[in-house]
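Q: Below: one structure in structure tokens.
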Amino acid sequence: MSLKPMEKATFAAGCFWGIEAAFREVEGVISTRVGYTGGSVPNPSYKEVCTGRTGHAEAVEITYDPQIVSYEQMLDIFWNIHDPTTSNRQGPDVGTQYRSAIFYHDKKQKEIALSCLHKLQQSGKFKAIVTEIEPASEFYPAEDYHQQYFEKMGICSSGKCGWK
């Protein structure tokens, strides 16, 4: 019996701290890391990304076991933990680095993401979804102090943030 390899999913949905915390609670998620993707400047710093001039989004890269959690389930979580109708904004965070985006890693992920987007638009749950769906590009891990930030700051006890 061959085991399926682990897969990656990359999402941007506002400040990466909360998004990472939400996905860390998902059964089947092996690891997460926050960082920057979708921009034009190599190896940007947090300070550079915050200027909005690098083109990067704050994102979370997730390694998961597709035998436990599907990409469709990951997308369902993504849609439900942020507002996909606000352009370059999530809550008090404003700027292109806080945009809503799905960075697909292969053709299958692209097709699934587009299909889910279409179904969500048809459902009427959201008025006008502005989430970008684009190919995954170079992912630059954020500085160490950003990784698992909520856990480090004691916002999540035992890794649980109550996002479910």
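The values are calculated or read from the model by the stated rules, or taken from the named source; none is laboratory data. Just so we're clear, the structure is a prediction, and the values are computed from it rather than from any experiment. Virtual Cβ from ideal backbone geometry, glycine too; neighbours counted across all protein chains shown. Ligands, DNA and RNA are excluded from the accessible area calculation, which covers all protein heavy atoms including side chains. Shrake-Rupley method; radii C 1.70, N 1.55, O 1.52, S 1.80 Å.
Q: Kindly flag which residue pairs out of Lys8/Lys119; Lys8/Lys125; Lys8/Lys47; Lys4/Lys125 have an alpha-carbon separation exceeding 32 Å in this structure.
A: Lys4/Lys125
Q: In percent, how large is the relative contact order of the chain, given Cα pairs closer than 8 Å and 6 or more residues apart?
A: RCO, the chain: 32 percent.
Q: Per residue, how much accessible surface does region 7-153 expose to a 1.4 Å probe? Answer in Å², no decimals.
A: Dividing the accessible area of region 7-153 by its residue count gives 48 Å².
Q: If a/c stays under 1.5 just call it rounded; otherwise compare a/b with b/c (prolate if a/b is bigger, oblate if not). Do that for region 22-95, with a ≥ b ≥ c from the square roots of the Cα gyration tensor eigenvalues.
A: oblate
Q: Starting at the first residue of region 53-67, write each ³J(HN,Hα) from the Karplus equation 6.51 cos²θ - 1.76 cosθ + 1.60 with θ = phi - 60°, in whole Hz, x for Gly and Pro.
A: 9, 8, x, 7, 10, 6, 9, 10, 9, 10, 9, 9, 9, x, 7
Q: For region 23-129, which whole percent of the accessible surface, found with a 1.4 angstrom probe, sits on carbon and sulfur atoms?
A: The computed percentage sits at 49.
Q: Another question, if that's okay. Quickly estimate the mean residue ellipticity at 222 nm for the chain, helices only: each DSSP H run with n ≥ 4 gives -39500 (n - 2.57), and the total goes over all residues, rounded to 500.
A: -7500 deg cm²/dmol
Q: Going by the alpha-carbon gyration tensor, a ≥ b ≥ c the square roots of its eigenvalues, is the chain rounded (a/c under 1.5) or, if a/c is not under 1.5, prolate (a/b greater than b/c) versus oblate?
A: It is rounded, given that a/c, with a ≥ b ≥ c, falls under 1.5.
Q: What nm value, rounded to one decimal, do you get for the distance between Thr85 and Ala128 when each label is placed 7 Å out toward the C-beta?
A: Inter-label distance under the simple model: 1.1 nm.
Q: With a/c under 1.5 counting as rounded, go ahead and sort region 66-152 into rounded, prolate or oblate using the C-alpha gyration tensor (a ≥ b ≥ c being the square roots of the eigenvalues; past the cut-off, prolate if a/b is larger than b/c, else oblate).
A: Cα axes put region 66-152 in the oblate bin.
Q: Another one. Based on the Cβ-Cβ distance from Glu27 to Asp106, what FRET efficiency comes out when R0 is 35 Å, to the nearest 0.05?
A: 0.95
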